[in-house]
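Heads up: the structure comes next, in structure tokens.
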Ligand code: FBP
């Protein structure tokens, strides 16, 4: 494998660990926990894994002897920078407990467990991937682990390989499945533990105990670098409005973080759109007003950040998508036989009056994208909806009508971008390299202590790594009941942007000024070597959330 100079230098980077994980570990148990909502329903569904205590690790000088612990690992869902470091943390952690322990990777996601597709991850292999981006060491996949027969097929191979614990590295849905699997194996008294790790660039798997999901830091820094570059181009040529859609699924954490890093002229926050009950036309009008006001000052250029999940948050669209989800889940078979050219009319004829009218009013392309296949968890694939083009076209139309009315003088030319894949596999920032390695190490300590149904956690991460607090959080603690595929299911609650949270408030206090004054910030590329204020800064989101 040919390596870049940076890859070679980066391979030697030793990720930092919290003090408690550096030597022998003492496990401290807190009080019993409860799910965030729907306690009775969740308790009933998870009789063996509900109510467990929070775990915190402390250092001790009493080193214990551990038997051989074979562990399996799965990477689930979208790539996020740092996954390889979670795996190397688990590897180093279990080898430290007992050098004969083995780590097996299941290939291409949860499907690898069911299909018995695996490889042993030896020291040579692990060393090739330390501090690198991507999930290519074993690949990832989106197979949903939910059926008893899948759990049983998995159990066959776990037993055959003598695997005592399985670590599932995934987002909210994959960790929900990890918890269901933990409960199943516990009920069966199979002796297999299941531990989750919080992964997703989207930043929406976080709560009081999980500060951030890994990958968010690096991905936002990559997007902010490119947004900064575009802003400099924009401010040099002074002739384009750039409409930039950012990945992140439903939540607008990525867009908000990038706005805090780069100070664009406009950034839409889906959660605000929902709370203000804004229509598509309201959003378009608000953008067009900024374009017109800047044009009046002679500035026919600017930047607009758009979260990829926006469409789902426009209340009228949300109601439509919800009915569409239930309808398509219940009538998948019949729908698959409808000719493409008749699908739109078919859907209109089946929806309630209000939703049919909204659906009929959508441009053809967007309507089609809304009825495309859901992902295996029943979510609309929002990354396929070209909101950036939809908005810029509607803004252009509005400006043209204002021009006729004499309300707008200026030129409007748009460029479109969608950033997502550019950042998902970037080499992890120091923050993600350290955070992920610590998460993997914490997972191995939870395994050593016989825990199951826990998510590895590392907190206090705006402080130097030495002071980070590692432990475990019962996954049931993060759950509530939600409607999925037309049925109520226990799921980890997604963390959306809080409008009363410090990051949003900091943005809201500045945005009117950023709209008019060209005050772009150019963060530049992630730095891996150099002064700590350049290389080790956590996200603005985390800094604002944790500012005391
Ligand atoms: P998860 O980490 O939740 O799996 O998703 C990350 C993500 O990048 C989303 O931001 C995006 O909507 C989705 O994956 C796209 O997935 P895919 O590349 O599989 O279509």
Region 412-499: strands (runs of 3 or more DSSP E) wholly inside it with 2 or more residues that are more than 30 Å from residue 396 (Cβ to Cβ) are 454-459, 469-474, 479-484, 487-492
Hey, residue 319 hits all of (1) free of Cβ contacts under 8 Å to residues at least 40 places away in the same chain; (2) surrounded by 21 or more Cβ atoms within 10 Å (Cβ to Cβ); (3) under 30 Å from the mean Cα position of the chain (by Cα) but one; which does it fall short on?
(2)
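Take residue 446 and decide whether it is within 16 Å of the ligand (Cβ to nearest atom) and surrounded by 20 or more Cβ atoms within 10 Å (Cβ to Cβ).
No.
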Which residues, counting only those in region 396-416, are under 39 Å from the mean Cα position of the chain (by Cα), under 18 Å from residue 283 (Cβ atoms) and touching a residue at least 12 places away in the same chain (Cβ under 8 Å)?
396, 398, 399, 412, 414, 416
Report the residue count in region 187-222 for those that are under 11 Å from the mean Cα position of the chain (by Cα) and surrounded by fewer than 24 Cβ atoms within 10 Å (Cβ to Cβ).
1
Give just the number: which of (1) under 30 Å from residue 24 (Cα atoms); (2) in contact with a helix residue (DSSP H, G or I) (Cβ under 8 Å, 6 or more places away or on another chain); (3) crowded, with 21+ Cβ neighbours inside 10 Å does residue 171 not satisfy?
(2)
Do any strands (runs of 3 or more DSSP E) entirely within region 39-137 hold 1 or more residues that are without any contact (Cβ under 8 Å) to a residue 24 or more places away in the chain, over 22 Å from the mean Cα position of the chain (by Cα) and more than 16 Å from the ligand (Cβ to nearest atom), and if so, which?
118-120
Just to be sure, is residue 259 touching a helix residue (DSSP H, G or I) at 6+ places or on another chain (Cβ under 8 Å), more than 22 Å from residue 284 (Cβ to Cβ) and crowded, with 24+ Cβ neighbours inside 10 Å?
no
Looking at region 464-480, is at least one residue within 26 Å of residue 226 (Cβ to Cβ), at pLDDT 95 or above and buried (at least 18 other Cβ atoms within 10 Å of the Cβ)?
no
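Within region 231-255, how many residues are in contact with a helix residue (DSSP H, G or I) (Cβ under 9 Å, 6 or more places away or on another chain) and more than 25 Å from residue 312 (Cα to Cα)? Steps first, please.
Step one: filter region 231-255 for residues in contact with a helix residue (DSSP H, G or I) (Cβ under 9 Å, 6 or more places away or on another chain), giving 231, 240-255.
Okay, now just the ones that are also more than 25 Å from residue 312 (Cα to Cα), so 231, 240.
Of the residues in region 231-255, 2 are in contact with a helix residue (DSSP H, G or I) (Cβ under 9 Å, 6 or more places away or on another chain) and more than 25 Å from residue 312 (Cα to Cα).
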Please pick out the residue among 148, 183, 156, 208 that is free of Cβ contacts under 8 Å to residues at least 12 places away in the same chain and more than 13 Å from the ligand (Cβ to nearest atom).
208
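The values are calculated or read from the model by the stated rules, or taken from the named source; none is laboratory data. Here the structure is a predicted model, which means the values were calculated and not measured. Counting neighbours? That spans all protein chains shown, and the Cβs are built from the backbone with ideal geometry, glycine included.
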